[in-house]
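J.: Please read through the structure below; I'll follow up with questions.
What follows is calculated from the coordinates using simple rules that are stated; it is not laboratory data. Keep in mind it's a predicted model, so treat the numbers as computed, not measured. Using ideal geometry, Cβ is built from the backbone for each residue, glycine included, and neighbour counts are taken over all protein chains shown.
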């Protein structure tokens, strides 16, 4: 494992080996079946290029009503529990007793991206956000705590983990593009990004 520190983002390259990555995919299958990924829209009505779902007591949703956490999937069912293998990552990299109440799961297909944004729908920004990359490579862009200014980019590979805490917690970040087909982890290609959050 190699550790990079970029503008306060703690990037653990190669944190998960191939066996651990495959195990996470297996434990995610029942989650994705119980809470099918959906394509959200922004408050302005624009459809996002990623598909998403969640696990945990709360899930993050976006629609014309705005951005928020809620206890049910848009189809009405409760979110499934966060698998222990995923919680183990949080426990190991944060050392915190408090556990996340949301694991947001984003799927990036060919051509998907995520514009620069802040994670600021949580109640308390003192808790970190932990991001896990699975599947295709993604170009991760890191900005500043305000919009504009110079940015830096890092390629995230399958098995990389990023901890966003402290000054980096409200730093703008996003995914410019993925290298579709660069990984064989997902049978149909693409990238899964898991972000563990304390929402309440």
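J.: Taking the Cβ-Cβ separation of residue 38 and residue 78 as r and a Förster radius of 22 Å, what is the calculated FRET efficiency to the nearest 0.05? Write down the numbers at each step before the final one.
T.: Values: r = 15 Å, r/R0 = 0.69.
Efficiency, rounded to the nearest 0.05: 0.90.
J.: Go ahead and run the numbers for FRET between residue 19 and residue 188, Cβ-Cβ distance against an R0 of 25 Å, rounding to 0.05. Display every interim value, and only then the final one.
T.: Numbers: r = 21 Å, r/R0 = 0.84.
It comes to 0.75.
J.: Taking R0 as 22 Å, what FRET efficiency do you get between residue 139 and residue 5 from their Cβ-Cβ distance, rounded to the nearest 0.05?
T.: Once the sixth-power term is evaluated, E becomes 0.75.
J.: Pulled fully out, how much extra length does the chain show between residue 153 and residue 49, if you take 0.36 nm times their separation in residues and subtract their Cα-Cα distance? Could you put the intermediate results ahead of the total?
T.: Details: separation 104, 0.36 × 104 = 37.44 nm, distance 2.02 nm.
Using 0.36 nm per residue and subtracting the Cα-Cα distance, I get 35.4 nm.
J.: Using helices alone, I'd like the mean residue ellipticity at 222 nm for the chain: each DSSP H run of four-plus residues gives -39500 (n - 2.57), total over residue count, nearest 500.
T.: Numbers: 2 runs with 28 residues, N = 200.
About -4500 deg cm²/dmol.
J.: Quote the relative contact order of segment 2-197 in percent (integer), defining contacts as alpha-carbon pairs under 8 Å separated by 6+ residues.
T.: Working: 460 pairs, mean separation 49.7, N = 196.
The normalised contact order for segment 2-197 reaches 25 percent.
J.: Hey, how many Å between the Cα centroid of segment 47-110 and the Cα centroid of segment 152-175?
T.: Value for the Cα centre distance between the two parts: 17 Å.
J.: Only residues of segment 84-108 count here: report those whose backbone N is under 20 Å from the spot 7 Å along Cα→Cβ of residue 124, or say none.
T.: Once the point is set 7 Å along Cα→Cβ of residue 124, 87-88, 90-104 turn out to lie under 20 Å by backbone N, inside segment 84-108.
J.: Answer with a single label: of (1) 13.9; (2) 10.4; (3) 12.0, which was calculated as mean projected area of the Cα convex hull in nm² from the structure in view?
T.: Correct label, based on the coordinates given: (2).
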